[in-house]
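Structure record follows, encoded as structure tokens.
The values are calculated or read from the model by the stated rules, or taken from the named source; none is laboratory data. Since the structure is predicted, the reported quantities are computational estimates derived from the model, not experimental observations. A quick note on method: Cβ atoms are made from the backbone with ideal geometry, for glycine too, and the neighbour counts reach across all protein chains shown. With ligands, DNA and RNA removed, areas are computed over all heavy atoms of the protein, side chains included. Shrake-Rupley method; radii C 1.70, N 1.55, O 1.52, S 1.80 Å.
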Amino acid sequence: MKSLISYFGCGHITSRNNKNYVEFVVTRFEYLFEKVIPFFDKYQIIGVKSKDYSDFKKVAELMKNKAHLTPEGLDQIRLIKAGMNRGRN
């Protein structure tokens, strides 16, 4: 996980006290569009997680376009989120 920080030149690692995993966290929104999203567009995720990435990218685009600042945009983001991960049929 630490090599992700080196590769992307951003982010940090967070561990959860009561969980057996760590998270790579990017806190600057522009780094998603400059570094992380281009990487996963070039080196595509395979399997069901590719659908989650596609949804994540849609939400990021909505937020980039400030849709999250309107009730309609926020509802659209909530709908996308509800269908991700375990919510996917």
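Given G47, G11, which one is in contact with a strand residue (DSSP E or B) (Cβ under 8 Å, 6 or more places away or on another chain) and either at positive phi or in contact (Cβ under 8 Å) with a residue 40 or more places away in the chain (or both)?
Exactly one of G47, G11 is in contact with a strand residue (DSSP E or B) (Cβ under 8 Å, 6 or more places away or on another chain) and either at positive phi or in contact (Cβ under 8 Å) with a residue 40 or more places away in the chain (or both), namely G11.
Could you list all residues from the range 37-89 that are open to solvent by 100 Å² or more (accessible area, probe 1.4 Å) and of a type in the set (S, T, N, Q)?
Once the filter is applied, which keeps residues that are open to solvent by 100 Å² or more (accessible area, probe 1.4 Å) and of a type in the set (S, T, N, Q), the range 37-89 yields Q44, N65, N89.
Could you look through the range 11-28, keep only residues that are loosely packed, with under 10 Cβ neighbours inside 10 Å and either at pLDDT below 90 or touching a His at 6+ places or on another chain (Cβ under 6 Å) (or both), and pick out the one that is farthest from M1 (Cα to Cα)?
N18
Let me spell it out: the conditions are (1) open to solvent by less than 80 Å² (accessible area, probe 1.4 Å); (2) not in a helix (DSSP H, G or I), and I5 meets all of them except one. Which number is the exception?
Failing condition for I5: (2).
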